[in-house]
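First up is the structure itself, then whatever we jot down about it.
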Amino acid sequence: MIACYPMSPSHSPALARRRWGDSKALLTKADYDLLIADNATGTVNGETKFLFVKGAFAYAHHFYRVLSRLEYVKSKRAAGEDALFGYYFDPRNNNGKPSLTNQTKENRQFYDTHLSALLTWMGYRVRREIRSYWNGQRAKARGNGPYTIHGVPGRFDMFTKQNVPYQLWLRSMKEFEREFPLAPIFSTVTINRSAPFLPHLDAKNEGGLACLMAFGKFTGGNLCLPRLRVAFRLRPGDLLIADNNREYHGNVGGIYGERISVVAYLRSMEP
């Protein structure tokens, strides 16, 4: 059963930018009234702002062991470390065209054997829960944008079915492929390790919603959308789909232990 919350923003977008746009402090319990730890969805004027699915992913412990072996670098955006997979845009490089991240051999193997399967599963959940949004993102990933990737104009083709590994995915993938032709809705994935974030917008997230999961052994660091006065107690295996593009979001207090979060989104390739 999913609880439905019609949300009333506490600030206009302009006031939210003044309130949180240049904040130098983590969010606190005073920034939310509602703490969500079970299945729930929230809307503003009928538009989905978040969907929280508790215990959606059955292989959280297995996946955490794999994530722990990744090679991370010091994050430029927060305290802690991160690893980037997929496409990004840097106007200083590649003649103004999207670039594919240059991964170590170990990290590339991780994508080929693990991450692509998780992304496919995330895309399936978006399609099942918010079908109209999935359709829009698929169209953008397939045909929008004046760029060429892997020789195909205007299409992302990094995240595809040939990389889905292991027997544990087989049954769900067969069911998935029977329902519709596999097509990616993500271009980029950021993996953060023990990185608490100040309130911010994900300005390059095309379309608004992003998929987020947290893995590890940790306490604290609840994710908060302060304009909506709501926070989420993410535990390993929980899935949060949220409007990180238009809603300021950040962590409540510090993170204790090791928390590895996976954020998947369709990145805008505009300068």
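The values are calculated or read from the model by the stated rules, or taken from the named source; none is laboratory data. In this text, all values refer to a predicted model and were calculated from it rather than measured experimentally. Reconstructed Cβ throughout: ideal geometry from the backbone, glycine too, with neighbour counts over all protein chains shown.
Of all the numbered requirements in (1) in contact with a Gly (Cβ under 8 Å, 6 or more places away or on another chain); (2) farther than 19 Å from ASN39 by Cα, MET213 misses one, and that requirement is (2).
Of the residues in segment 54-68, not one is exposed (fewer than 15 other Cβ atoms within 10 Å of the Cβ), out of contact with any strand residue (DSSP E or B) (no Cβ under 7 Å at 6 or more places or on another chain), at pLDDT 95 or above and on the phi < 0 side of the Ramachandran plot. Going residue by residue through segment 208-230, is there one that turns out to be in a loop (DSSP other than H, G, I, E, B) and on the phi < 0 side of the Ramachandran plot? No.
Checking each residue in segment 18-44 for being at pLDDT 95 or above, assigned to a loop (DSSP other than H, G, I, E, B) and loosely packed, with under 14 Cβ neighbours inside 10 Å picks out THR28, ASP33, ASP38.
The residue that is modelled with the highest pLDDT, counting only those in segment 111-140 that are out of contact with any helix residue (DSSP H, G or I) (no Cβ under 8 Å at 6 or more places or on another chain) and surrounded by 19 or more Cβ atoms within 10 Å (Cβ to Cβ), is MET122. Whether any residue in segment 43-56 is more than 27 Å from ILE130 (Cβ to Cβ) and aromatic (Phe, Trp, Tyr) is what I want to check. Within segment 43-56, none of the residues are more than 27 Å from ILE130 (Cβ to Cβ) and aromatic (Phe, Trp, Tyr). Of the residues making up segment 247-265, one or more are touching a His at 6+ places or on another chain (Cβ under 8 Å), within 20 Å of THR41 (Cα to Cα), part of a loop (DSSP other than H, G, I, E, B) and in contact (Cβ under 8 Å) with a residue 60 or more places away in the chain. Among the residues making up segment 235-250, those that are within 15 Å of ALA214 (Cα to Cα) and either of a type in the set (Gly, Ala, Ser) or out of contact with any Leu (no Cβ under 6 Å at 6 or more places or on another chain) (or both) are ARG235, PRO236, GLY237, ASP238, LEU239, ALA242, GLY250.
Can TYR265 be described as crowded, with 23+ Cβ neighbours inside 10 Å and at pLDDT below 95? For TYR265, the condition - crowded, with 23+ Cβ neighbours inside 10 Å and at pLDDT below 95 - is met.
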